[in-house]
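Taking it in order: structure first as structure tokens, then the write-up.
Nothing in this text is a laboratory measurement; each read-out follows from the coordinates by a stated rule. None of these values were measured; they are calculated from a predicted model. Note: ideal-geometry Cβ built from the backbone for every residue, glycine included; neighbour counts use all protein chains shown.
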Amino acid sequence: MRRSVPVSIALILALLLVGAAPAPAQDKPRSGGELVFVVPSEPPSYDAHQEETFGVIHPMAPHYSTLLRVDPTDKTGTKPVGDIAESWTVSKDQLTYTFKIRKGVKFHDGSELTSRDVKASYEKILHPPAGVKSLRKEAYGSVASVDAPDPGTFVLKLKYPEASILLNLASPWNWIYKADILAKDPHWYEKNVMGTGPFKFVEHVRGSHWVGKKNPDYWDKGKPYLDGYRAIFISNSAAQVAAVRGERAMIQFRSFSPPERDSLVQALGAKVAVQESPWDCANLVAMHHDKKPFDDKRVRRALTLALDRYEGSKALSRITLVKDVAGIQVPGTPYATPPAELDKLAGYGHDIAKSRAEAKRLLKEAGVPDGFAFTFKNRGIPHPYEHLGIWLIDQWRQIGLNVKMEMIEASAYHPMLKRGDFDVAMDFQCGFIVEPDLDLPRFLSHSDANYGKHKDTVIDDLYSRQGRATDLEERKKILRQLEKRLLDEEVHVFYTLQWHRIIPHLAKVKGWTITPSHYLNNQLDTVWLSE
Amino acid sequence: MHRYLIKRFLLMLPTLFGVALVTFLLIRVIPGDVVELRYSGDRGSVSQDIIDRERARIGLDRPIWQQFMTWMLGIVRFDFGTSMWTGAPILEEIKLRFVLSLQLAIMATIVAVLLAIPLGVLSALKQDTWIDYAVRLFSIAGLAMPSFWLGIVLILLMLVVFKWLPPMVYTPFWTNPVQNLAQLIWPALAVGYRYSAVATRMTRSAMLEVLREDYIRTARAKGLMQKLILARHALKNAMLPVLTVVALEFAFLIGGLVVTEQVFNLNGIGLLFVQAVAHRDYTLLQALVMLVAGSFIVVNFLMDVAYAWLDPRIRYR
Amino acid sequence: MALNPPLDRALDVEVPRTRLGVREAVREFCVRRPLGAVGAAIIVLMLAVALLAPLIARYDPVVNDFAAMLAAPSGAHWLGTDAFGRDVLSRLIYGSRTALLVGFGSSVLGATLGAVLGVASAYFGGRVDLYLQRVMDVFLSFPLIILALALVAILGNSIPNLIMAIMIPMIPRSALVIRSSALAIREMPYVDAARAAGFNHRRIILRHMLPNVMAPYLIMLTAFLGQAILLESSLSFLGLGVQEPIPAWGLMLRGAAVEFAEAAPWMAIFPGLAISLSVFAFNLFGDSLRDALDPRLKTQ
């Protein structure tokens, strides 16, 4: 949707703005300095191909490069750009992708990177050797083969066209390893670091810190700006805030809660800058379709109608990590639900009294008595699970349901979901890149992550159609249909609120742009310190 | 005396074994699984095949008795295994954190004893006077405040009033004593103050009992100096229950300061404990419990030695 | 068993039963031991609040009221509201029920069971002592957190299970301290004489040993009462105790209270004060009670 603004007016406005604003003295990146940041959890092993936690990404991503990466200057985190891939071409049938690999990219031991290393790394991801896991294997089901015909070229062939393959390849987990090392020992990378990234590994003291220093031979001349970085592991969030507040640490790359942000702003004033973004994470409510009365879609619809999402958004965004009212995709990204469409879905209306009256009517019709009691199982994590749980229980109380919450410790939670040992439970959908092909497979009938065990061939069909649609508008249309079926017609699951990411950091940290995912933009090559 | 001590030494072994067995079984009863946890993360789902193979690799699919035997044999050879969560050797994981927790425990106990004994004696001598009341109020206040509350208030105070924060990263004492103490003195004070409360009251009550004993009255009647009576007879006999309490608490400071370590952000054993439990890291958890239990049992033994020295009547049972 | 009446009576060194009436005893206690009286008064107040909770609380402690969230103390909400708009005072009032239930339940059970085991261990000595000691040692070796976590994880989060989880670590502690006191008494001449005179075990334990370990028992009990309340709050703080939205003091100190410590301090101050005050009261009272009951410590 492009609005046409007369070019002349735009020029005049631009000139006015430039003339009016004082020229910022810190616009040109300055070299030097050590970035100190805190990380809430520590990497269990060093091999990103086998790990899932941000505890690996935050301290270690600066040591590695990937073939493609998400544009670090793009706030939506949805644009793939080349990292060690200089450029690429796509064949007419959309089945062959040919990447030109940059020259002069060196591993930290001095050896030169070639397409052979890219091929070996992707082979490890797609076809891991015995005894080695690959957590992302399933995401590349469309890949037929990978090849390195010459040292400067890497070729990827697909079985069928896939709109999201480039974003998939930009995954922050697909570190490029050295082929020679992988050939000798595929487990080497679990305990060692050898990459081509902007920073070299210095030391890791368990439970304490991780240190990296500038790679003088980095392919992007002039970068990185920093001399090095130090990641300090602090698990207690109050201690993290105290560290930033005491200016011992400069930033934390996951998120702080609203009151923590407020206390930092109040204490540090102009010394702190705050970046916020919708987060690529949302909490949903899963209802087990084999358990009465949740097998009745009227009951499920009543549960979503009871929620005053807009009031909840206003209130809860002050105390925890949620904010936007959203559908199946993060607001602000290409496939997000336009407000006009959102209003039409069950539970997203603005007249809460009407919605709740309808909910009560549906419950009665379905034979659920007033004061009906059930247990809502929730994951034992304070932000924002506990807050959302308290809110949900109170909302359901207002349509005459007597709900008890049971917080289950995080390590036991996922097995409980898999076993189906619940009536109604808190589910979560998190991704590292906002892309329907990565976010939606969980709603398929046969998916392992379909904890509510709903079986809906219409959704399965719509999903595969959107995956193969190559026209943007066509894909949007199909996604809207899928969303309507999922959240409104059948109410197989429903979303509560979208998570919200808040990064208050010392103002002297520049060159870092927030994205919806806390797994992105952690290579630190664009970051510089203004003092 | 030697026979008594040897006997007590030998008695440590069945206790240690009992602890090992109970720990081993207890943690396996808790629902949850390290492999599930590691590979489910935020996204939620990983194929069952990967999970099964990981379990086999770590050794979780073997029968329970076999896992227990492997562990026991390993201990005999001083091989404590590797952590199920990180794969790093257990000794490495524990080393640094144990040193910190030990130092904190020692410092806190010193603070506690320095507070408790003089205050307890003073309170007993001046029973029911305002000095007694003041001491009792002071020590009970320390006992009453939740440790995390105290810690949070302390840190807030330091930040808001003094605008100073203790060092975030641990430096060993011999590397940089000033920085080391600057970090640990605050939690040591907070913890020491709390633990002094029980010891103060024990000292006071034990002193009161002993001061009324017949032999004390006899000594007083004979005209011996007050101070001599105190030092020689009263204190020595009052120390028995006090020693019990102090020793017990010391052994617990090593693994028990979970909340304090969280609040002051100390990389110690308590924090490692909580992480190990959250991760269901059986091997690490077993090693930690044996470590804490071992410390406790050794301290107990030392206490027995002290008992025997202080009260000859016990020696000859 | 009157084997030897004169010896029998001479050996009866039990606590002399006070002939004072209840009212006089209370008055005497208040006058002689003002600290204890203060402690007792606070405890009585707590019990009253817990019993009368539905009558004195103005608001329902679990209902959210976002219009009034994070409100400072005012006429409408005397102690302010929390992050969900729930009245802090009402939650404190209902929270006293959880505190007292868990506190009393676990500490009384723990201290008593421990005392029985400790006295038996000291009295019988020999093999009984040896085995009991070992078993106690095994359980004592576990840090509180792991034992509590394991028990909560196995049994679940309900209040009876919480009571058990807190009570079990207390038993060996109580046993150990009581045993050390009982040991000293066992060596006393009158116990040996009683044994020589042929009195049976039960009589000696009940009439001679137990009354003389009353002092450490009472100290243990009041210390435990306080510790149980603190433990419950620590467990809730770590997320292992009582669950939202049930009001409990430790739970109120978790999460939002810490984050809003500067912006909305009433959320953390009042529950912290409530915990401190109740533990304080129990300890004060226990101290003075012990002083009052022990005949050998009656000041001249």
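Quick notes
- Residues C:MET267, B:MET303 arranged by fewest to most Cβ contacts within 10 Å: B:MET303, C:MET267
- As a length-normalised measure over Cα pairs under 8 Å and 6 or more apart, the relative contact order of chain C settles at 25 percent.
- Legend: residue pairs A:LYS191/B:LYS95; A:LYS291/A:LYS477; A:LYS213/B:LYS95, Cα-Cα distance threshold 21 Å; pairs beyond threshold, A:LYS291/A:LYS477; A:LYS213/B:LYS95.
- Three-way shape label, segment A:306-384, alpha-carbon gyration tensor, a/c 1.5: oblate
- C-alpha long axis of helix A:115-126 to longest principal axis of chain A, angle in °: 30 degrees
- With a simple spin-label model that places each label point 7 Å from the Cα along the Cα-to-Cβ direction, the separation between A:ALA144 and C:ARG58 comes to 7.4 nm.
- Lysine pair count for segment A:95-160 (Cα-Cα distance under 24 Å; residues 8 or more apart in sequence or on different chains): 22.
- In summary, the aspartates and glutamates within cross-link reach of A:LYS418, defined as a Cα separation below 16 angstrom excluding same-chain residues under 8 places away, comprise A:ASP290, A:GLU409, A:ASP427, A:ASP448, B:ASP33, B:GLU36, B:ASP42, B:ASP49, B:ASP52.
- Reach of B:LYS236 by Cα under 17 Å, taken over lysines that are not fewer than 8 positions away in the same chain: B:LYS227
- Across chain B, C-alpha contacts under 8 Å between residues 6 or more apart give a mean separation that, scaled by the residue count, equals a relative contact order of 28 percent.
- Fewest-first sequence of C:TRP78, A:TRP499 by Cβ atoms within 10 Å of each Cβ: C:TRP78, A:TRP499
- The per residue volume of the convex hull around the alpha-carbon atoms of the protein assembly as shown is 210 Å³.
- Peptide-level mean, for B:133-140, of C-beta atoms on other protein chains within 10 Å: 4
- Estimated vicinal HN-Hα couplings, Hz - segment B:18-33 in sequence order (Karplus 6.51, -1.76, 1.60; Gly, Pro = x): x, 4, 4, 5, 4, 4, 3, 6, 4, 6, 7, 7, 5, x, x, 8
- Value of [θ]222 nm, deg cm²/dmol, for chain C, DSSP H segments ≥ 4, -39500 (n - 2.57) each, nearest 500: -22500 deg cm²/dmol
- Helix C:144-155 and the longest principal axis of the Cα set of chain C meet at an angle near 70°.
- For A:ILE381, the residues whose modelled amide H falls within less than 5 Å of its own, excluding neighbours fewer than 5 places apart on the same chain, are A:GLU386.
- Dimensionless Rg ratio for segment A:94-215, taking C-alpha atoms and the 2.2 N^0.38 Å reference: 1.13
- Mean separation of Cα contacts under 8 Å (6+ apart) over length of segment C:192-300, as relative contact order %: 28 percent
- Long-range amide H partners of A:PHE376 with built H, under 5 Å: A:LYS404, A:MET405, A:GLU406
- Amide hydrogen neighbours beyond the local backbone of A:PHE428, cut-off 5 Å, H modeled: A:LEU284
- With contributions of -39500 (n - 2.57) from each DSSP H run of at least four residues, the per-residue ellipticity at 222 nm computed over chain A stands at -8000 deg cm²/dmol.
- Footprinting exposure proxy for C:VAL26, C:VAL102, B:VAL121 (fewest neighbouring C-beta atoms within 10 Å first): C:VAL26, B:VAL121, C:VAL102
- Local charge for A:SER111 was computed over the other residues whose Cβ lies under 12 Å away, with Lys and Arg +1 and Asp and Glu -1, and equals -2.
- Packing-based ranking, highest mean first, of A:461-472, C:104-115 given that Cβ atoms within 10 Å are counted: C:104-115, A:461-472
- Here the Kirkwood formula, the inverse mean of 1/r across different C-alpha pairs, assigns chain C a hydrodynamic radius of 21.5 Å.
- Taking only the C-alpha atoms of segment A:355-411, Rg followed by Dmax gives 13.0, 39 Å.
- Here the Kirkwood formula puts the hydrodynamic radius of segment B:1-148 at 20.9 Å, using every distinct Cα pair.
- Shape of chain B, Cα gyration tensor, a/c cut at 1.5: oblate
- Folded to 0 to 90 degrees: helix A:352-365 orientation relative to chain A principal axis, Cα: 60 degrees
- Chain A - share of DSSP beta bridges that are antiparallel (%, nearest 5): 75 percent
- Projected label points at A:GLU341 and A:TYR160, each 7 Å from Cα along the beta carbon direction, are separated by 2.2 nanometres.
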